[in-house]
1. Give the shape of region 20-101 as rounded, prolate or oblate, defined through the alpha-carbon gyration tensor: a ≥ b ≥ c are the square roots of its eigenvalues, a/c under 1.5 means rounded, and otherwise the shape is prolate if a/b is larger than b/c and oblate if not.
2. Using a ≥ b ≥ c from the Cα gyration tensor of region 72-190 (square roots of the eigenvalues), is it rounded, prolate or oblate, where a/c under 1.5 gives rounded and otherwise the larger of a/b and b/c decides, a/b for prolate?
3. Which order, highest average first, do 80-89, 193-202, 56-65 follow once you tally other Cβ atoms within 10 Å for each residue and take the mean per peptide?
4. Using Cα pairs under 8 angstrom and six or more residues apart, how large is the relative contact order of the chain, in percent?
5. Give the angle, between 0 and 90 degrees and rounded to the nearest 10, that separates the Cα long axis of helix 191-223 from the longest principal axis of the Cα atoms of the chain.
6. Could you state the angle between the C-alpha long axis of helix 16-37 and the longest principal axis of the C-alpha atoms of the chain, as a value from 0 to 90 degrees rounded to the nearest 10?
7. Work out, step by step, the length gained on full extension between residue 80 and residue 152: first 0.36 nm times the residue separation, then minus their alpha carbon distance; give nm to one decimal.
8. I'd like the orientation of helix 233-252 relative to the chain: the angle between its Cα long axis and the longest Cα principal axis, in ° from 0 to 90, rounded to 10.
């Protein structure tokens, strides 16, 4: 009887966290093999598709819980705190890359040729693709805010248009980043600069992929009318995550590219 009177959800056992963790571990393992041993990228794409399907199925279960009525206002308040703490943990994750970059750049090392970037490494142009990607992400932050306010005012058509535009901008950003990697005059093996650049921007790209999938799932939810009146936590969580991705890229641009 306590289960039905409590404003909180009694968490049931679920296999989705285990399956998603296993798929993510397999994906990262194949990425390492692709980079180090030149494994076919088809294995990476296959693992990524599996992970995407598992994430969508997990989110579908959460949607069912919400429609049944398990997600009360008090529970959603705790979920908001949870997503904020998650974003905070991601902030500290990226702080490590900035720390490492400044540690190498502000203290000249003999093995790096007493210069930063190290001698022989030609950095990417600051005002070409990186600037375009910055404009793309900042524009996507505006469109996702536009979509949120439209949803609050029950303008579902406008919300669908602006959110769809945000997803397109996210995909376009990833395409431009892939082009940037293919045109880079240095690689992951080119010392500390190459490692910090590709790992930092690569992990950010992975976060853009997750954020784009999150927004795409939210877009499908709006299209199929699964949002309840004045209950937009899923959209808020996706928008907060996307704004976090925007801010991280802005710092990456100012620190790594605009040096």
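1. oblate
2. Taking the square roots of the gyration eigenvalues as a ≥ b ≥ c, region 72-190 is oblate.
3. 193-202, 56-65, 80-89
4. 20 percent
5. Rounded to the nearest ten degrees, it is 20.
6. 20 degrees
7. So the chain would gain 24.2 nm between residue 80 and residue 152.
8. Compared with the principal axis, the helix lies near 10 degrees.
Laboratory data are not the source of any read-out in this text; all were calculated from the coordinates shown. All of these numbers come straight from a predicted model, not from anything done at the bench. A quick note on method: Cβ atoms are made from the backbone with ideal geometry, for glycine too, and the neighbour counts reach across all protein chains shown.
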